[in-house]
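Peer 1: Starting off with a structure, shown below.
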Amino acid sequence: MAGRPSIPTINSALIAIIADEDTVTGFLLAGVGNVDLRKKTNYLIIDNKTTVKQIEDAFKEFTTREDIAIVLISQYVANMIRFLVDSYNRPVPAILEIPSKDHPYDPAHDSVLSRVKYLFSAESVASDRR
Amino acid sequence: MAAATEEHPGSTGFVPRAAEEVEEVHEANEEERLGRDDDGDEILRFMDSVDGHLLLMDSLSPALRRGWIDLAGARHWIGTSRVSSTLFDHKEQSAATKVQVVDSADLQSSEPNPHFVLSKWHLQEKSNSNDAVSAQDNTKPKLRFRGSTTFPEDGSHEADVAPAESWTGVDTRSHVQRARSKALSVFGALVSPKLRTSQISFETALELIVELANSRSNMLASFFQIKDG
């Protein structure tokens with residue numbers, strides 16, 4: 001289709017993680033951990049000392065890096081920077097909100113689902129009919 | 001008779017115009033019907049992708065839970081300090097599990113629609129270079145059928161393991177084992193079996209996550225198609 005923006009093929013991109021220690025540990029066991037020459041990692045472990053600013057900075061960094069294809073973020077962490085997550089609208093990297101040990105996944109808070117759910121709402125149907 | 005003949009050319013000129021108008025109206029109706037059919041297909045695809053997304057998320061939670069429980073079990077057996085993020089090596093290292101991103105073949109969508117392919121333990125780098133082409137061929141979203149074995153309730157994914165097994169030989173299996181052992185070696189030479197099962201659980205979770213990324217991508221593409229249409 002003319003004018004459709006294309007996605008460049010990336011042959012080996014990373015999965016970034018912003019989550020609690022157990023979740024990060026588990027995914028590192030699965031081999032996603034990466035440390036580059038400048039000692040920058042593709043993960044941020046959230047504990048009770050982590051500030052919202054640190055989470056924001058990590059989210060902004062991971063979503064602007066060209067070598068990252070997917071950013072996993074625990075939903076309770078995403079709720080701390082909800083305005084930032086909801087305003088993100090690029091196709092790559094894909095942002096996925098995942099459950100954590102103490103906070104189950106709630107589809108009502110998911111940024112993508114809340115964006116598309118308006119198609120199911122009565123107001124959208126009524127406005128289309130008008 | 002002469003009057004009727006004289007009138008006939010005039011009436012003959014009028015009739016083709018009416019026929020053209022009827023044909024134009026018919027074509028417009030046909031285009032509108034086809035447009036409605038396309039919209040209907042897109043809405044069906046969108047609802048299917050939302051349903052698939054929610055099902056995948058339901059499968060992800062048990063996989064992660066198994067991983068967390070096994071990690072807690074490993075901590076219980078070998079001690080909290082032996083299973084801790086402080087043991088992570090901050091020396092330069094490349095991730096063994098990565099993702100390949102290709103543009104979806106769905107050209108009907110006006111929005112970019114990336115497709116993600118998981119590459120575990122460097123396996124994709126060892127396979128054929130045709131993988132990117134075959135991945136692109138499989139990116140057009142297809143409707144799922146409920147009741148299929150795609151999403152087993154226990155969260156296990158033998159379906160994902162079987163295709164890998166079909167093109168991995170003994171060498172690749174041993175390569176995967178070595179890669180897994182290397183990842184576990186952060187926690188010492190002798191690791192608890194719970195750590196090994198936790199590793200498998202998180203690998204399963206990763207497969208689900210990549211499927212989730214694809215379903216998210218399809219969902220957003222259908223959403224924008226419906227919104228703009």
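Values quoted throughout were computed directly from the atomic coordinates according to the rules given, and no laboratory measurement underlies them. All figures in this text were calculated on a predicted structure; none of them were measured in a lab. All Cβ positions, glycine included, derive from the backbone under ideal geometry; neighbour counts span all protein chains shown.
Peer 1: Tell me the mean residue ellipticity at 222 nm calculated for chain A from its helices only (DSSP H runs of n ≥ 4, each -39500 (n - 2.57), averaged over every residue, nearest 500).
Peer 2: Details: 6 runs with 48 residues, N = 130.
The helix contribution divided over chain A gives -10000 deg cm²/dmol.
Peer 1: When B:Asp70, A:Asp102 are ordered from fewest to most other Cβ atoms inside 10 Å of their Cβ, what list results?
Peer 2: The order, fewest Cβ neighbours first, is A:Asp102, B:Asp70.
Peer 1: Using a 7 Å offset from the Cα along the Cα-to-Cβ direction at both B:Ser85 and A:Glu56, what is the distance between the two label points in nm, to one decimal?
Peer 2: 2.0
Peer 1: Which far-off residues, 5 or more places away or on another chain, put their amide H under 5 Å from the one on A:Val71, with H placed in the peptide plane?
Peer 2: A:Ala16, A:Ala94, A:Ile95, A:Leu96
Peer 1: Please say if segment B:52-97 is rounded, prolate or oblate, where rounded means a/c under 1.5 for a ≥ b ≥ c the square roots of the C-alpha gyration tensor eigenvalues, and otherwise the choice is prolate for a/b larger than b/c and oblate otherwise?
Peer 2: Oblate.
Peer 1: Evaluate the relative contact order of segment A:60-107 (contact order divided by residue number), counting alpha-carbon pairs under 8 angstrom at least 6 apart; express in whole percent.
Peer 2: 46
Peer 1: Where the Cα atoms of chain A are projected onto their three principal axes, how long is each span, largest first, in whole Å?
Peer 2: 57, 41, 26
Peer 1: Let me ask something else. In what sequence do B:Asp103, B:Asp58, A:Asp47 fall when counting other Cβ within 10 Å, fewest first?
Peer 2: Placing the least packed residue first, the sequence is A:Asp47, B:Asp58, B:Asp103.
Peer 1: Between rounded, prolate and oblate, where does segment A:48-98 land on the alpha carbon gyration tensor, with a ≥ b ≥ c its root eigenvalues, rounded for a/c under 1.5, else prolate if a/b exceeds b/c?
Peer 2: Here segment A:48-98 falls in the prolate category.
Peer 1: Then there is this: Do you know the Lys pair count in chain A for C-alpha distances under 22 Å, with sequence separation 8 or more or different chains?
Peer 2: Final tally of qualifying lysine pairs is 8.
Peer 1: Label B:Ile69 and A:Ala108 with points 7 Å out from Cα along Cα→Cβ: what is the distance between them in nm?
Peer 2: Calculated label separation equals 2.8 nm.
Peer 1: Rounded to the nearest 0.05, what FRET efficiency do B:Ile43 and B:Glu21 give with R0 = 41 Å and r taken as the Cβ-Cβ distance? Could you check?
Peer 2: 0.80
Peer 1: Next question, about the same structure. What GluC sites (Glu not before Pro) in segment A:19-121 are in a loop by DSSP, with at most 14 other Cβ atoms within 10 Å of the Cβ?
Peer 2: A:Glu66
Peer 1: Follow-up question, since we're still on this one. Below 8 Å, C-alpha to C-alpha, sequence gap of six or more: please give me the relative contact order for chain A in percent. Before the final figure, lay out each step's value.
Peer 2: Numbers: 140 pairs, mean separation 30.0, N = 130.
Relative contact order of chain A: 23 percent.
Peer 1: Angle between the Cα long axis of helix A:52-64 and the longest principal axis of chain A, 0 to 90 degrees, nearest 10?
Peer 2: So the helix axis and the longest Cα principal axis differ by about 80 degrees.
Peer 1: Next question, about the same structure. Ranking B:Met47, A:Met80 by Cβ neighbours within 10 Å, fewest first, what do you get?
Peer 2: Ranking B:Met47, A:Met80 by Cβ neighbours within 10 Å, fewest first, gives B:Met47, A:Met80.
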